[in-house]
1. What's the carbon and sulfur percent of the chain's accessible surface, probe 1.4 angstrom, rounded to a whole number?
2. Whole number in Å², please: accessible area per residue of the chain, 1.4 Å probe, ligands, DNA and RNA not counted.
3. Given R₀ = 35 Å, what would the calculated FRET efficiency be for S73 paired with L21, taking r from the Cβ atoms and rounding to 0.05?
4. On full extension of the chain, what length is gained from V35 through A14, given 0.36 nm per residue of separation minus the C-alpha to C-alpha distance?
5. Which whole-Hz couplings ³J(HN,Hα) result when phi for each residue of the stretch 29-43 is put into the Karplus expression 6.51 cos²θ - 1.76 cosθ + 1.60, θ = phi - 60°, listed in order with x for Gly and Pro?
6. With N set to the number of residues, divide the alpha-carbon radius of gyration of the stretch 1-70 by 2.2 N^0.38 Å and report two decimals.
Amino acid sequence: MAQHHETGPIPLAAAHAASGLHLLLGVIAASQDAVAQGDVDTLAAQAEHLGATREALETAIGNTDILLNMLKSVGL
């Protein structure tokens, strides 16, 4: 459903938020394992995943803002 642009901002926001949270949980798991094993390379590699996480969550916020602005434009 969220793959279609005409779906609207709410499903898109939810899809991006879910993706961002999924990425964040992966970073947490990988980081915990890396710290426990002293694996600096794996820990450093998480920076890229954190960037993707941030992008997904920012997109979710942007889609939420679109809906809020639409509601404001009609006096709600």
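1. 64 percent
2. 71 Å²
3. According to the calculation, E is roughly 0.75.
4. Length gained, V35 through A14: 4.4 nm.
5. 4, 5, 5, 4, 5, 5, 5, 4, 9, x, 8, 5, 4, 5, 4
6. 1.37
The values are calculated or read from the model by the stated rules, or taken from the named source; none is laboratory data. Everything quoted here is computed from the prediction, not taken from an experiment. We place every Cβ from the backbone using ideal geometry, glycine too, and count neighbours over all the protein chains shown. For the accessible areas, the whole protein counts, side chains as well, though only heavy atoms, and no ligand, DNA or RNA atoms are used. Shrake-Rupley method; radii C 1.70, N 1.55, O 1.52, S 1.80 Å.
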